Amino acid sequence: MFPVHRFAQSGPHNMLYPANKQLLPSPTRQYLHIWLHIVTTNTLSITTNVVHAAWLAQNELKLRSSADASALKARPTEALTNGGSDHSNGNSSSLRHENGLTSPRARPATMRTVSSMSVSKKLTKQILTSSGHHGRVVGVQIKDEHIAVRHRCQKELGSHVGSYAYDTTFDGLLEWIRSERLIRVPHKGGNWDRVLIEVQHFAQQVHQLTESIAYFTDDCNAASHLMYGHCLLLLEFGLELVPLLRCHDMFGATPEISENISHVFSYLLNIVTAVAGTFWGAVHGGKESTTIDIYRVFSAQIETLYAYVTKTAHAIWCFCLDGDDETDIYQLEKLQKRLSPQDNVLTFLAARHMVVAARPGQFTCTWFQSHLNSFLRSNQRILRVEGKSGSGKTTLANWTLDRLQRPINRKPVTTISFFANPTIAGQNSGLALVRTLLYQLIFQRLGDEHLFRCIYDVVTPSLLRRSVQEQEDLLWAALNKGLSHLTDAEDDLVIVVDGIDGIGEKQVAQKACRRLWDLTEKLCSVRLIQFSQCIEMQATKNVTSFELTAEVLRHDMTTVTRRSLLRHQQFDELKEPDQDKIIEPLVAAAGTSMLWLTLACRYLRLQPQISSKSLEVLLPGSNCISVVDLVHKIVSATQMTQDSKNAISYILTAERPLLFSEIKLLLSDGPVPKPLDLDSIIQPLGPFVLVSEGLVAIRHKQVMNGLLVDNSPAKWLLNHQQRQKDLLLKVLTYASARFHEECQPTVDPLEFTQIYGKIHGHTLLEYAIRYWVRHFEWTSIYHVSGALTIPKDMQDVFPYSNMFALLEEGCWSTQVPAKDAVNLHITAFRVREALYGKKKGCVLQTAMTIGKIYEVTLALDECAVEWYHKAMYISKEALGLTSEMTMILCRTVLRITEKYLSPKQDDRMMIWRHDAFKLYLEILRIRYGEQSKEYLELWALYLVFRRLIGLEIIVVPGPTPGQPRGVPSFEGDVSLDGRVVVRKHKGRTEIDPFEDDFLFGYVKEGAVITLTLEMYQKIIIRISEHVRAGFFVQAEELYIELWLRLTEHCHTHHEVEWHERKIRVMIDYCRFLHKRERSTESASILLCIWRERSLSS
């Protein structure tokens, strides 16, 4: 149900150890710098994030003295194995400090969601029935995993590691952390302070998980001790357990939940020990430099862990939604698919509250802690943080979101977030804002049936046929309704939104902002923290405003500048006063622009020497140069390889941030990646791009503008249309190599699982499917109307497989608004038609998909028939005249046009109906013969239709001795070969009236008339003529007579088609009455229809 996302095979998440001898620790002092960032998230599943750490020897953490170092080495190991003397009674002291962390025993009682309390009776019964043998099986599973991992660790680590690595208690780990703080007194906000915070938070969640599953797994305590021990082996792996731990009382509800949560615990043990062991071996390996790529080394374990987390969440949802009802589970899957962003990469970021942005540097952003604490303690509902473009709002928002993952003011909070990104079109609108919030909310409130019902009531297939504004209005109403049942007893919900000022025009941003404010002020358990540029809004008493001024940012900007320039050898050798003489002018000139300052430092680091002369280039006169000019100077000073130039071109052109593995494929000549050193390729691009979570994106919109302006020194960049075509050919080449087998066109769309199965494991395939049309529309090949001329290079690489067209339908149908989706399909059809004419199944598949969207989603029958009509003749060419698909399309055209019968020959619907009749008759003649029942019945309908539109009837088959019953005869000239000719009456334009025998009210006594399809169509036509002529009484009489006759006919004939025609007549009669302002009678008939259907079902 919840897709397991791929991890990048390479990226920046490497553990680096110092290779520069000048940076190694001196004999008298030990310098240790551990760079740690853990993005913990609140999602439906347990969200794990591999964190990047770098061991660099710098002057950030010093041992107070050699005595302190000796004290550290002599620390008693008993505290690690039995919790220390202070914990002999089993009660650990709560560790509280300014970052708000407490031990689990100091936290409030476990808080349950509304949904978990509402199923308590069912839960008790399920737990009782699911115990016994299953619990023993799960316990054995964890025990076996614990034994295997312990033996593996002992083998890999040998005797060099003390026993604490295998048997450390939770209390012992907390005592170790407290002792570490007393000995080293780490600077608030420093790297070592962050490491200790994250390790303690991680241990608390593992401890809570252990207690939650202990009653059905006997060996989990020993396994958790092994995990705590390996935390002391340089653990840098973060895990957010909050969503599942809120439902800890459901872990034993069903065997499936128990088994999956046990697998989660087992793989967590496996990953923690593997990471710790690998780091320990790297540190003690004797090499000067070691690089460990977490995603490459541990990708299999991480992906497996995510898979079991997903299964656990799915099992809990099944339990809360009454697992026997498969409809609810299917609806939940559809709901999540419709709310999720457009592809798996954006879904990965949204579900895990991630954003590709600059990470907060050491000792930065900590000043915001006091403002955050004050806001959450107060009665204010909205914290409004404003700053100019490039002032670091997104970085501060990222820090705030990360901080809110841990308890604040000794109280946990739940967070959902949205980061608008102007470089990602699909994530830069009001609709994307509300969809992302709803998507994350479903992940957060695991098993909340009320929330699920509120959202699903509006997120139905009919939602996509509405305009974007209507969709947005409905989703905001669903969000309000879904959050309305939150109570004060639950964790506060904090919404973090960044960049709302850039989601559209000024009025659009103001409207979205007002919606958020109204939602927050209405609900007592919801708070909003908004980061944006200044938006003109009428402030209320519940709003606290805070501005990022130069004075507020001065400390952070000074810190960032110093730490960045220290990487320049000549600057590092300067004395601190001399360093300040360089730093202070830069900070003063930057004002509030952290972006300008970052780029200025990057430029200075490229210079041989940092001097006053270098500063004059950046600060000519009294003002600093612009960001665009600064980008130009960096480009001119940077030496790039051709691969680096190609990489920045792809990053600039892509519709979303690119994975490292995607860049590697794009830089390869073919569909198979070639060996490349991506670190050396991306390193020169550092000033222009951001790297995070295995993704690469442009640093800022202003940087993009600087690279793409006409006077940019990056002359090696192709123009916009050429870059679009270059990337288009790359992704199409990759997709073409993935599809070798051909499949037949089908009217049935692919299921979610089929789509995922085709895409999974092919890095660039999903991007190719979703975005190739968008890139094509930016090339010079595309024009709005007329036939397209596809160049030879695109012809050679375009995927001809019908599966590619089916995957397009699956990827575009659920998340893209229907009008946008149909435009994408039309462009794809024009390309395929230009390439293959009407001789390929993929052309037919695309035409049928467009027809289905028009008919089912947009309810535009005329447009649907137009495309079905095209598909009908394409099927004739591609699959053959007598193919089943051609017959289906003919019947589809006849079915839809039956509702729009008209005597006008030039009516488009009638022209298409006439073509469908002729083609279908030809098929039946070939397949069954001219004397077959199927052929003669269709001929009868065809003659009635031709008579309706006033066409001369050509020779038609006459009755034979073996003619089936029910085939009507016609007046006319009879030829010697037994054929009948029926012609239009000369000199008359009106349609002949019904004969007396056709009128139900004037049937002679004893006469029996069998209602036929021909008679039914004649009366429908007569009714429409009466209505157009204004003879409403006669039209109503015919409606009533036809209704009665259909009722009698349905009593003796049980064909579904006749029952459908009866319902259609009743509904048309209701519309007729409604137009005559007879709403009461119309409502009564509708009620009658509903009762009949209820009784029959």
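The values are calculated or read from the model by the stated rules, or taken from the named source; none is laboratory data. Keep in mind that what you see is a predicted model, and the values were worked out from it rather than measured. Cβ coordinates were reconstructed from backbone atoms using ideal geometry, including for glycine residues, and neighbour counts include every protein chain displayed. Remember, those area values only see protein heavy atoms, side chains included, never the ligands or the DNA or RNA. Shrake-Rupley method; radii C 1.70, N 1.55, O 1.52, S 1.80 Å.
Some values worked out for this structure:
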item: Net length gained if the chain between LYS334 and LEU574 were fully extended (0.36 nm per residue, minus Cα distance); result: 80.3 nm
item: Farthest positive-ward along region 489-587 dipole, Cα basis, beta-carbon charges - from VAL526, PHE571, GLY504; result: GLY504
item: Spin-label pair VAL747/GLN905, simplified geometry with 7 Å Cα→Cβ offset, distance in nm; result: 3.2
item: Descending semi-axes in Å of region 450-551, equivalent ellipsoid built from Cα gyration tensor; result: 26, 20, 10
item: Candidate residues TYR836, TYR650: accessible-area rank, largest first, probe 1.4 Å; result: TYR836, TYR650
item: Low-density loop cleavage sites - trypsin sites (Lys or Arg not before Pro) in region 821-880, where at most 13 other Cβ are within 10 Å (DSSP); result: LYS839
item: HIS555, HIS1059, HIS201, ranked by accessible area, largest first (probe 1.4 Å); result: HIS555, HIS1059, HIS201
item: Spin-label proximity, ILE535 to region 374-388 - amide N less than 15 Å from point 7 Å beyond Cα toward beta carbon; result: 382-388
item: Heavy atoms of LEU1086: accessible area, 1.4 Å probe, square angstrom to 10; result: 90
item: Overall form of region 574-642 per C-alpha gyration tensor (a/c, 1.5; a/b vs b/c); result: oblate
item: Dipole moment magnitude, nearest 20 debye, region 805-900 about Cα centre, only Lys, Arg, Asp, Glu C-beta charged; result: 260
item: Whole-Hz ³J(HN,Hα) from phi, Karplus 6.51 cos²θ - 1.76 cosθ + 1.60, for region 496-513, glycine and proline x; result: 10, 10, 10, x, 5, 5, x, 7, x, 5, 4, 5, 5, 5, 5, 5, 5, 5
item: Listed residue pairs exceeding 19 Å between alpha carbons, taken from LYS337/LYS664; LYS337/LYS511; LYS876/LYS899; LYS393/LYS701; result: LYS337/LYS664; LYS337/LYS511; LYS876/LYS899
item: Surface share of carbon and sulfur [accessible, 1.4 angstrom probe, percent] for region 837-899; result: 51
item: Cα shape, region 821-907, gyration tensor, a/c 1.5 rule; result: oblate
item: Using θ = phi - 60° and Karplus 6.51 cos²θ - 1.76 cosθ + 1.60, couplings along region 827-833 (whole Hz; Gly, Pro as x); result: 4, 4, 5, 4, 5, 5, 5
item: Cβ charges +1 (Lys, Arg) and -1 (Asp, Glu), total dipole of region 660-814, debye; result: 540
item: Cβ-defined net charge surrounding SER378, 13 Å radius [Lys, Arg +1; Asp, Glu -1]; result: +3
item: Chain lengthening between ILE1089 and GLU934 when straightened (0.36 nm per residue, less Cα-Cα); result: 52.6 nm
item: Protein-only accessible surface order, largest first, of GLU833, GLU1057, GLU1077, GLU1025 at 1.4 Å; result: GLU1077, GLU1057, GLU833, GLU1025
item: Per-residue HN-Hα couplings for region 414-423 [Karplus 6.51, -1.76, 1.60; θ = phi - 60°; Hz; x = Gly/Pro]; result: 9, 10, 10, 8, 8, 10, 6, 10, x, 8
item: Three-way shape label, region 357-421, alpha-carbon gyration tensor, a/c 1.5; result: prolate
item: Lys, Arg +1 and Asp, Glu -1 on Cβ, resulting dipole of region 462-554 about Cα centre, debye, nearest 20; result: 300
